[in-house]
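The values are calculated or read from the model by the stated rules, or taken from the named source; none is laboratory data. It should be emphasised that the depicted structure is a prediction, and the values quoted were computed from it without experimental measurement. Note: ideal-geometry Cβ built from the backbone for every residue, glycine included; neighbour counts use all protein chains shown.
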Amino acid sequence: MISAAYLPFLIQAVLAAGITALIVGASHFFGQRSKGGKIKDSAYECGVPAEGLIHTRFSVKFFLTALLFMLFDLEIVILVPWTFIYREFLAYHIAILGPIIFFIGVLVLGLVYEIKKGALEWEK
């Protein structure tokens with residue numbers, strides 16, 4: 001028998017699996033490719049017929065910008081919780097400033113490298 005302590009986790013896991021199956025199933029049956037495996041001929045969202053190429057190519061700069069955003073977004077995800085628990089570490093005399101300065105230093109070195117390589121220059 002399942003322990004009462006694991007029951008909330010089990011309920012959440014069953015709900016997550018059920019919602020996932022429902023969304024994937026709805027996408028399969030009602031999605032853009034639902035009629036015979038072909039893309040529908042009508043416009044998908046706006047109701048205006050598409051002109052030119054439907055699937056345009058993105059510049060490499062777009063993907064580079066996305067990767068840089070993810071890098072510094074990760075920095076924020078790590079730094080914000082660190083600022084909240086820093087006070088607790090100081091109370092127990094645990095040195096936490098050194099590792100976080102190393103972490104920020106590696107990110108700054110990465111940014112300097114990207115600037116020297118010209119990755120942030122749009123006009124080339």
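Brief remarks follow.
- With respect to the conditions (1) closer than 24 Å to Lys61 by Cβ; (2) not in a helix (DSSP H, G or I), Leu107 falls short on a single one, namely (2).
Residues checked against (1) under 30 Å from Tyr113 (Cα atoms); (2) of a type in the set (Val, Ile, Thr); (3) assigned to a helix (DSSP H, G or I); (4) modelled with pLDDT under 70:
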site	(1), (2), (3), (4)
Ile23	no, yes, yes, no
Ala26	no, no, yes, no
Lys40	no, no, no, yes
Arg57	yes, no, no, no
Lys61	yes, no, yes, no
Leu71	yes, no, yes, no
Glu75	yes, no, yes, no
Val80	yes, yes, yes, no
Arg87	no, no, yes, no
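- Cβ pairs under 6 Å, 6+ apart, first in the range 67-88 and more than 16 Å from Val108 (Cβ to Cβ), second in a helix (DSSP H, G or I): Trp82/Ile100
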